Amino acid sequence: MIRELERQGWVLDRIEGSHHIMVQIGRRPMPVHGSRDLPPFLVAAIRKEVREP
């Protein structure tokens, strides 16, 4: 998921515990677990959030 966000212009801002906080100008920060696989419903929700302006 982190690589997918990076391809879309998101940048790793900071790491807080197990959460990698991704940011993009004009968007709210996106927390992503760095070391765990995400459940399919969460991946779908993140992809939907990323597509919306």
Net charge of Cβ neighbours under 13 Å - reference HIS19; Lys, Arg +1; Asp, Glu -1: 0
Overall Cα dimensions of the chain, principal axis frame, Å, largest first: 27, 24, 17
Chain lengthening between ASP37 and ILE2 when straightened (0.36 nm per residue, less Cα-Cα): 11.5 nm
Other-chain or far-sequence residues with amide H under 5 Å of MET22's (modelled H): ASP13, MET30, VAL32
222 nm mean residue ellipticity, helices alone, for the chain (DSSP H n ≥ 4; -39,500 (n - 2.57); rounded to 500): -9500 deg cm²/dmol
Environment charge at VAL32 (Cβ cut-off 15 Å; Lys +1, Arg +1, Asp -1, Glu -1): +2
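Here, each number is a calculation from the coordinates, and none is a lab measurement. Here the structure is a predicted model, which is why all the values come from computation and not from measurement. Here Cβ is always computed from backbone atoms with ideal geometry, including for glycine, and neighbour counts include all displayed protein chains.
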